[in-house]
Amino acid sequence: MLNIALFGPPGAGKGTQSEFLIKQHNLFYISTGDLLRKEMAAKTKLGLEARDIIAAGGLVSDEIIVQIIEKTITDNAGSGGFLFDGFPRTYIQAYILEGLMLKLNTSLNCLISLTVPEEESVRRLLHRGATSGRSDDHEAVIRNRLREYNQKTLPVLQFYRDKGIYVEVDGTADIAAVHEQITGIIQQELSKKLFNVVLFGYPGSGRGSQGKALAKKFGLEFFATGPMLDAEVKLGTATGKRIKELYDNGQLVPDEIVVPLIEKKLADSKGVKGYIFKGFPRTLVQSYILDGLLKKHGSAVSQVVEIEVPTLELIRRLNARSHTDACMPYDNSTEKIVKRLQEHESKTVPVIAKYNQLHGVTKVDGMGTFEEVFARTSVVIENGFKNMR
Ligand code: AMP
C-alpha cells in the first residue's frame, strides 16, 4: 500500500492536487472535510453534531473523526493505498492515524506539506467562496480556520519531521508545477517499495521455469528456497552439511534452517525492485514467516499468482520429466510424484486459500506452450505492477 497525507492550510490546493493523484496512483481518497459535509447533508447524528463547529471554523472532536474515518478505511482495506486530505489535523490525530494504519498492517509513507502564506490562503478561499456554497468560506470563518490551523494543525508537522517522512512543496507555484513536484515525491516513494510476487502452482505446473523467466522480464529477483539449500550443500558450510544429512534421510529441512538463509539473502540483495517467491511459503506457518520477514524490510506481499494445470496433465508432465536429464531426485518414481502432489494439496492449498482471502489470488491457465503461459502470466504481473504504481 502507498499511503500519503496531503497537508496544508485551508486553500493550499489539497483538494485540487488530490484529484490528479488518485487517478494516477489508484489511491482511495479520504477527505475528512468531504466526509463531514456528507454527514451534514444526510442530517445524520454525526453531521448534526459537527455542523455548528464547522460553520464557526473550529475543529470537530477526535471522536467524530475516528468514527467517520475508521469505517472508510476498513471498508477499503483492499485499495492500493490511501490519500488523506485534512487528516491528521491535530497532534493527537497523528497518533490516531498511526493506530489506524497499524490495524491494516501498513503505515504512512509520507506527509506532503503544501506551504502557502496566510494572505494567499484567504484570497483563494474568498475566491472559492463565491461559488463553493460552503458555509465556512466567508472571511470571519476563514480567519478562524486559519487560527485553528496555526494553533492545532501546524504542530502535526513536527510529528512527521521526527519520523523523517515530512516533505515540503511550495504551494504558491502554479497547479501543474505543484503537481509535478508531488508526482516526483511519490515516484521516489514507490521506488523504495518492493514488488513481491508469490507464485503458486502444483509441482509440474511450470512455476519454476515461468518464475525464472518472469523475474528476468520484470527485473525482479527469483527467490526459490530449493536451489538456495542446494547451494549451501555445495558450499559445504556447517548448515550445508546438516541439510545434506536431512536430504540423505529423506527428511524435510526445518524452518529453523530455511529462515536464516532467507533472511541472509533478503539482507544481501541490494537495489532489487522486488522478488518472485517460488516454493516458499509452502505451509501456513511459512506464510506467516514470509509476512514477518518482509515486514522487517518494510515490505509485504504485493501479488499472489497461481498457475493452474489439471492433475492428469501434471502427472503426465512429471512422468515425462522423470525420463529426461532434468529429472529431480524427488520425481524418479510414481510413488514420489504422487506424494509431492499430495503434500501440495494438504499443506500448500490452504496457504493459497489464506492469500485468496487476504489479497485475492490471480489464477492463470497453465495449459499450452511455455510461451503461451508466459504471455498470460506476464499480463497478470504487468497489471500488478501498474496497480502498485
Ligand atoms: P476541509 O474540507 O478539510 O477544509 O474541512 C472543513 C471543516 O471540517 C474544517 O474546518 C473542520 O471544521 C472540519 N474538519 C475536517 N477535517 C477535520 C479533522 N481531521 N479534524 C477536525 N475537524 C475537521
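No lab work stands behind these numbers, since they all come straight from the coordinates. Treat the numbers as computed from the prediction; the structure is a model and nothing was measured. FYI the Cβ positions are ideal-geometry reconstructions off the backbone, even for glycines, and counts take in every protein chain you see.
Values for this structure:
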item: R0 of 41 Å, Cβ-Cβ distance ARG376-GLU118: FRET efficiency to nearest 0.05; result: 0.15
item: Residues MET328, MET101, MET1, sorted so that the one with the fewest Cβ neighbours within 10 Å comes first; result: MET328, MET101, MET1
item: Between the range 229-253 and the range 83-159, the alpha-carbon center distance in angstrom; result: 58
item: FRET efficiency, 1/(1 + (r/R0)^6) with R0 22 Å, evaluated for ASN76 and ALA42 via beta carbons; result: 0.70
item: Extended-chain gain in nm, criterion 0.36 nm per residue less alpha-carbon gap, VAL338 and ASN105; result: 80.1 nm
item: Reach of LYS216 by Cα under 24 Å, taken over lysines that are not fewer than 8 positions away in the same chain; result: LYS192, LYS193, LYS264, LYS265, LYS270, LYS273, LYS278, LYS363, LYS386
item: Ranking of PHE223, PHE20, PHE159, PHE370 by count of other Cβ atoms within 10 Å, fewest first; result: PHE370, PHE20, PHE159, PHE223
item: Nearest 10 degrees, 0 to 90: helix 225-235 Cα axis against the chain principal axis; result: 60
item: For the chain, calculated [θ]222 nm from helices alone, where every DSSP H run of n ≥ 4 adds -39500 (n - 2.57); result: -18000 deg cm²/dmol
item: Neighbour-limited loop hits for trypsin sites (Lys or Arg not before Pro), the range 1-95 (at most 14 other Cβ within 10 Å; DSSP other than H, G, I, E, B); result: LYS43
item: Full-extension gain in nm, ARG316 to VAL349, via 0.36 nm per residue minus C-alpha separation; result: 9.8 nm
item: For the range 1-72 and the range 302-381, distance of Cα centres in Å; result: 46
item: CYS327 versus THR239: modelled label distance in nm, points set 7 Å from Cα along the beta carbon direction; result: 3.2
item: FRET efficiency, 1/(1 + (r/R0)^6) with R0 51 Å, evaluated for GLU98 and SER209 via beta carbons; result: 0.70
item: GLU180-GLN357 pseudo-label distance in nm [points 7 Å out on the Cα-to-Cβ vector]; result: 4.9
item: Around GLY298: net Lys/Arg minus Asp/Glu count, Cβ-Cβ under 10 Å; result: +4
item: For ASN249, net neighbour charge (Lys/Arg +1, Asp/Glu -1) across residues whose Cβ lies under 14 Å away; result: +1
item: Virtual paramagnetic centre 7 Å along Cα→Cβ of LYS23, amide N under 20 Å, in the range 79-105; result: 80-85
item: Listed residues ALA215, ALA42, ALA326, most fluctuating in the chain (Gaussian network, C-alpha, under 10 Å); result: ALA326
item: Charge context of ALA173, other residues only, Cβ under 14 angstrom, K/R +1, D/E -1; result: -4
item: Shape call, the chain: gyration tensor on alpha carbons, a/c limit 1.5; result: prolate
item: Distance in nm between pseudo-label sites at LYS386 and GLN67 (7 Å out along the Cβ direction from Cα); result: 4.1
item: Ranked list, fewest to most other Cβ atoms within 10 Å of each Cβ, for THR362, THR334; result: THR334, THR362
